[in-house]
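A quick write-up on the structure given underneath.
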Amino acid sequence: MAPPAPKANRSLQRGLQLLDHLAQSGALGLADLTRAAALPKPTIYRLLNTLAGSGWVYRRRNDGRYVAVIGPQALATAARTAQLALPHLAALTARTGLAADLTWLIEPGILEVIDSTRRRKAGGVDPQVAGFRPSLAFSAPGRALLAASSEAERARHLQHLLRTDSPAERHAATSGQLAAEIARTQKRGYGIRAQGYWPQSSDYGREPMDIAVALVAGSKVLGCVSLVWPSEDAAPEAVARGHLSDLKLAVRNIVASLGKAGNRVTKTL
């Protein structure tokens, strides 16, 4: 008589199903996953904590959403990067008292905020920024990315920009305005958000201002780190005088952490 088949581990099955759902769907919150899995919220929460503790899932600090840290997808690569970078972002905020955003190059011409130390507070900027894709022409990370890129890579990014639905971005690229700003960015060593560039992704918060420095590993520009604050509080040049060295230190530490990870992140780009 054949031995009875071993019973399946239900918790493991459920955890793998959650992981697969995240890998296919992108960043999701606890409520989204509870509905998708049709399981009680405490059960989902325990499974996610186990997956996060084992390094399979990353919970973004900025919005609390969960992202799978497996597979070659750009989002998974970004999640692995955010895991490694978050301690350095938190240290940067502790040193400067300012929020720090981490943007990642998802594909040519597309940057995405993959985590941030922003918090909701009275008189602050919009705290919900994870998943936002800033303008290449008008955002500080976009300008820092273009300034740090080689001519060939910059041309690839600009090809994407010229296909956008924004007449203002296309005009900046074709009129010479963006080229002049890239030259200024290269000279000063950091990107500055264009005055008045405020997508207003929500109704919360004051108009933001930020400065950004590119994350460069070898010859690859991977993304950017930004310091963010309400625009009325300080001029970007003043923040750069006080904190540019802190910002550059955070960038160096993040790049070093990526290197210590055995280049598992950067080789996927």
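The values are calculated or read from the model by the stated rules, or taken from the named source; none is laboratory data. Please read all numbers here as calculations on a predicted model, not as lab measurements. Virtual Cβ from ideal backbone geometry, glycine too; neighbours counted across all protein chains shown. Accessible surface is based on the protein model in full, side chains and every heavy atom, while ligands, DNA and RNA are left aside. Shrake-Rupley method; radii C 1.70, N 1.55, O 1.52, S 1.80 Å.
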request  = Report relative contact order for the stretch 84-172 in percent, whole number only (criteria: Cα-Cα under 8 Å, sequence separation at least 6).
outcome  = 21 percent
query = Counting only protein heavy atoms, what percent of the accessible surface of the stretch 120-269 is carbon or sulfur at a 1.4 Å probe?
reply = 50 percent
task = Can you tell me which of 108-114, 85-91 comes out highest on packing, and rank the rest after it, using the mean Cβ neighbours within 10 Å?
result = 108-114, 85-91
task = Once you've got the GNM for the chain with C-alpha springs shorter than 10 Å, pick whichever of THR185, THR77, THR174 has the biggest mean-square fluctuation.
result = THR174
inquiry  = Sort 46-57, 247-258 by packing, meaning the average of other beta carbons within 10 Å per residue, with the highest value first.
reply    = 247-258, 46-57
query = By how many degrees, 0 to 90 and rounded to 10, does the Cα axis of helix 177-188 deviate from the longest principal axis of the chain?
reply = 90 degrees
message = Can you give me the angle between helix 74-96 and the longest principal axis of the chain, using Cα atoms only, in degrees from 0 to 90, rounded to the nearest 10?
response = 60 degrees
note = accessible surface per residue for the stretch 120-269, probe 1.4 Å, DNA/RNA/ligands not counted, whole Å² -> 49 Å²
request  = Using only C-alpha atoms and all pairs of different ones, pull out the Kirkwood radius for the chain in Å with one decimal.
outcome  = 19.6 Å
query = Which length gain, in nm to one decimal place, applies between THR164 and ASP32 when the Cα-Cα distance is subtracted from 0.36 nm times their residue separation?
reply = 44.5 nm
key: Options SER150, ALA212, LEU258, ranked by Cα towards positive dipole end of the chain, top entry (Cβ charges)   = LEU258
request  = Could you name the aspartates and glutamates whose alpha carbon sits less than 17 Å from that of LYS121, not counting residues in the same chain fewer than 8 places away?
outcome  = ASP63, ASP101, ASP203, GLU207, GLU232, ASP233
inquiry  = Given an 8 Å cut-off on Cα distances and at least 6 residues of separation, report the relative contact order of the chain as a percent.
reply    = 17 percent
ask   = Relative to the Cα centre, what is the charge dipole magnitude of the stretch 68-162, using +1 at the beta carbon of each Lys and Arg, -1 at the beta carbon of each Asp and Glu, and rounding to the nearest 20 debye?
value = 320 debye
query = Which of the peptides 129-137, 237-245, 215-223, 141-149 is most tightly packed, and how do the rest follow, judged by the mean count of other Cβ atoms within 10 Å per residue?
reply = 141-149, 129-137, 215-223, 237-245
query = Against the longest principal axis of the chain, how steep is helix 236-260, in degrees 0 to 90 to the nearest 10, with axes from Cα atoms?
reply = 40 degrees
message = Students often forget the sequence filter, so: which aspartates and glutamates lie under 15 Å Cα-Cα from LYS41 once same-chain residues fewer than 8 apart are removed?
response = ASP32
Partner aspartates and glutamates for LYS220 [C-alpha distance under 17 Å; skip if fewer than 8 residues away on the same chain] = GLU107, GLU112, GLU151, GLU153
